[in-house]
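The values are calculated or read from the model by the stated rules, or taken from the named source; none is laboratory data. All figures in this text were calculated on a predicted structure; none of them were measured in a lab. No Cβ is skipped: glycine too gets one built from the backbone with ideal geometry, and neighbour counts run over all protein chains shown.
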């Protein structure tokens, strides 16, 4: 117990110590979180009317971001398969980073759902035992189960491994590998269930596609590893933790194939939506070309599709892919492109036109944007903290023999 | 005088006044908050529909009291003439008739007794049973009215069914309904909602 | 009429879950409630008047109130009395909150005559007044679409017309909650806060709704309305004849919807829209009564329902003369 307390204390010490640049980073995240808290206080007081949502577009950037970050969480664990199943040594070193990313992304996803609730204080109504958990009918209850389960898995596995390393012990494979394998299946589960949340709405024809689940997976396995490549390059620049070029190359190959799959499925959807145009495809027409002069999201989706294709073409060439000056920006572009396509471009057009054919557009308000930034700030903070502790332990700068105070020299 | 002769409309038998008890009633026993059946009938001055097999349906009395026709129109006599009216203006001079093209007063009103209605098939009806008269031409509407697809129920869905007479919604002289400005303007765009 | 056999498994499950819950929740509520009471009483200033204290207590009890469907008869009575008292304390008005449940052997149905409706929207007006909808954001359950002759889909309709009606060559089609026999909204609700009653009406327990708006996304008929802000109804316009599951006052962050005016229809009256309709285009009645007008229409008129292909089985039909 004492060791465990020490573990927590030294972890916290690690998180809050670092270079000037690191403090600037923390300061930025803190101001984002404060801005978010301010926005949320307005929303709490005024109700969801403080957002840009209305009865016609009843889900906005909160749910868009929720869906996107569930994807990032699922994608993060894609490193786990090669690491544990294929026994790839490179990957097993970095898999904890993927799990840390999954935790941060899940926390963001769950916070977005909470921010979207009209009666957040009544949230306990959906908890089993004290409330009424409408399971298995409601897909939302499924999502609550899989997301929290996944969060628990991704907290428990790295915590166990790191705690063992902190104590200088080797983690016992028999204990954690079954959970690792479970978490791989679970990663598919969270994103499929989240897709089914949308597919389950009977007359939202834009979402009502069997390919939506697989599409979610493909885009998740693009965006997740792309983000990890970006994180790796930051880690390589800011710490002495070794991540080999080989690892990044392998990851970039994963990104490339997932990006192909994503584009193929996007193309299939586009064919279905545009070859024969009907009332049911009005959503896609709105998204790509606008309807009756309403075209708020059109520039975003074209920007997304074009940059998605460009980035995918770039990383298709081996020489470019191995050049990190190209790879990292390409991954960044891919990540942003999928963010737009999955978030804004998927949720919002589903409501435009409405079920009764009315076209009412949606634009987020400042309050909504502040809350979103705040949540992202919190997520990045969580990620930074987890990675910092992880790197300290892995590089041996933090173990129980050194006490909990760490000199602020490293990182 | 056909005063007491009863009229048989098309496939319609008339029970003048002698309503028999309804064969079936919609209601289960009335609960607190429901009107009493007899009270409702009295409230709407309702009479059973004088159509064979439909005596369980009641027709509400007119919403506005009619003038008593018999004041001027005495059966068998020339109607009383209001001498104060300027020449060229007869009684009812202000009633315009726009009903099925070329109809005039005596297309419906009986010449000898204008309080009674007489159809093209020579079937007679009273003003209270105007539906019989209207139904002699508008057969589809009449069937729908009896069934419940046309017309308006003045009571709730439960209990005795009391419906409006044709002439309570349609002016028989100008049966087409007037246009109106709609109320309760919706605000479907958020910009508009904000302006409120 | 199908007797809802499709949803039997769902119902049975819900019933089972409901039965199980009753006992466990009592203890927990007592526990939480006790803690909250302690916290609140220590915080309340000595200056607070009795009425302020009472209002505080009412709000606290409201927060910990149970799911309506697991309440016992007595709990329902206390809850209803609490809301009546709250209206008195907060707004100084006497409201009567009813919690009459579904009548036996009644399944409500609605028929709408598209050749009779003139688009005057008097139904909308009556609905808003009867059901205490938020005036600020102008919540309306009923939408009337002015439709071009020859067009059958509401996607071609206009619901914002303000010119004189009816217009020659156009017809008017009204939508509202169709109280589906197989409702996607109730299935999607994560807390079970919206459900279908035995007489076919889909209701919301406003105090149980968490405001996730999944039901709004799931509804194919745009029938649900959300309280994006604290609803505002001028005191003198509040309809004091309320029902717990229908037109009692709502709060911000909860979903609401048409309930065929259960506060009226469960007492034998017509819904406000049907009563207000100047043309008789709206027919309401009991689908289980073979002599009802609605059954006559179903048997003798050509009828259709919106988006019948979805299998939602609305209890709201359209017909023409």
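Below, the figures for the structure above:
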item: Residue in segment B:90-100 that is within 14 Å of chain C (Cβ to nearest Cβ) and at pLDDT 80 or above present; result: no
item: Elements of type strands (runs of 3 or more DSSP E) contained in segment C:223-321, each with 1 or more residues being under 20 Å from the mean Cα position of the chain (by Cα) and over 28 Å from residue C:171 (Cβ atoms); result: C:224-226, C:241-243, C:255-257
item: Among residues of segment B:63-98, those that are surrounded by fewer than 10 Cβ atoms within 10 Å (Cβ to Cβ), in a loop (DSSP other than H, G, I, E, B) and without any contact (Cβ under 8 Å) to a residue 24 or more places away in the chain, counted; result: 12
item: Verdict on residue C:69 being within 14 Å of chain A (Cβ to nearest Cβ) and touching a residue at least 12 places away in the same chain (Cβ under 8 Å); result: yes
item: The one condition in (1) more than 25 Å from residue A:343 (Cα to Cα); (2) crowded, with 21+ Cβ neighbours inside 10 Å; (3) without any contact (Cβ under 8 Å) to a residue 60 or more places away in the chain; (4) more than 7 Å from chain C (Cβ to nearest Cβ) that residue A:127 fails to fulfil; result: (2)
item: Filtered residues of segment C:228-258 (kept if under 23 Å from residue C:71 (Cβ atoms) and at the interface with chain A (Cβ under 7 Å from one of its Cβ atoms)); result: C:253, C:254
item: Qualifying helices (runs of 4 or more DSSP H) (wholly inside segment A:263-362; at least 1 residues being surrounded by fewer than 21 Cβ atoms within 10 Å (Cβ to Cβ), out of contact with any helix residue (DSSP H, G or I) (no Cβ under 8 Å at 6 or more places or on another chain) and modelled with pLDDT of 95 or more); result: A:298-316, A:324-342
item: Scope segment C:85-111; condition on the phi > 0 side of the Ramachandran plot and either buried (at least 19 other Cβ atoms within 10 Å of the Cβ) or facing chain B (nearest Cβ under 10 Å) (or both); matching residues; result: C:105
item: Residue B:164 vs. criteria touching a strand residue (DSSP E or B) at 6+ places or on another chain (Cβ under 8 Å), farther than 25 Å from residue C:279 by Cβ and either touching a residue at least 12 places away in the same chain (Cβ under 8 Å) or within 13 Å of chain C (Cβ to nearest Cβ) (or both); result: no
item: Where residue B:101 falls short, out of the listed (1) touching a residue at least 60 places away in the same chain (Cβ under 8 Å); (2) out of contact with any strand residue (DSSP E or B) (no Cβ under 7 Å at 6 or more places or on another chain); result: (1)
item: Long-range neighbours under 6 Å by Cβ, at least six apart or interchain, first residue closer than 21 Å to residue C:287 by Cα within segment C:248-260, second part of a loop (DSSP other than H, G, I, E, B); result: C:258/C:141; C:258/C:176; C:258/C:177; C:259/C:201; C:259/C:246; C:260/C:201; C:260/C:271
item: Any hit, segment A:138-146, residues being without any contact (Cβ under 8 Å) to a residue 24 or more places away in the chain, part of a helix (DSSP H, G or I) and more than 13 Å from chain C (Cβ to nearest Cβ); result: no
item: Any hit, segment B:138-149, residues being more than 9 Å from every other protein chain (Cβ to nearest Cβ), buried (at least 18 other Cβ atoms within 10 Å of the Cβ), part of a helix (DSSP H, G or I) and touching a helix residue (DSSP H, G or I) at 6+ places or on another chain (Cβ under 6 Å); result: yes
item: Which listed residue is within 14 Å of chain C (Cβ to nearest Cβ) and modelled with pLDDT under 95, from A:75, A:49, A:11; result: A:49
item: Residue count for segment B:157-184, restricted to those that are more than 18 Å from the chain's Cα centre (by Cα), part of a loop (DSSP other than H, G, I, E, B) and at pLDDT 90 or above; result: 6
item: Segment A:151-177 residues that are without any contact (Cβ under 8 Å) to a residue 12 or more places away in the chain, paired with ones that are not in a helix (DSSP H, G or I) (beta carbon under 7 Å, 6 or more apart); result: A:164/A:170; A:164/A:171
item: Breaking point among (1) outside any loop (DSSP other than H, G, I, E, B); (2) within 14 Å of chain C (Cβ to nearest Cβ); (3) crowded, with 20+ Cβ neighbours inside 10 Å, for residue A:95; result: (2)
item: Members of segment B:112-143 that are farther than 18 Å from residue B:52 by Cβ and touching a strand residue (DSSP E or B) at 6+ places or on another chain (Cβ under 6 Å); result: B:116, B:117, B:118
item: The one condition in (1) assigned to a loop (DSSP other than H, G, I, E, B); (2) closer than 22 Å to residue C:272 by Cα; (3) touching a helix residue (DSSP H, G or I) at 6+ places or on another chain (Cβ under 7 Å) that residue C:123 fails to fulfil; result: (1)
item: Among (1) part of a loop (DSSP other than H, G, I, E, B); (2) free of Cβ contacts under 8 Å to residues at least 60 places away in the same chain; (3) more than 30 Å from residue B:160 (Cβ to Cβ) - the single one residue B:52 does not satisfy; result: (3)
item: Subset of segment C:205-218 (residues that are within 7 Å of chain A (Cβ to nearest Cβ) and either surrounded by fewer than 19 Cβ atoms within 10 Å (Cβ to Cβ) or part of a loop (DSSP other than H, G, I, E, B) (or both)); result: C:208, C:209, C:210, C:211, C:212, C:213
item: Matching residues, segment C:134-172, being at the interface with chain A (Cβ under 10 Å from one of its Cβ atoms), outside any loop (DSSP other than H, G, I, E, B) and modelled with pLDDT of 95 or more; result: C:143, C:145
item: Set A:150, A:166, A:160: member being more than 9 Å from chain C (Cβ to nearest Cβ) and surrounded by fewer than 16 Cβ atoms within 10 Å (Cβ to Cβ); result: A:160
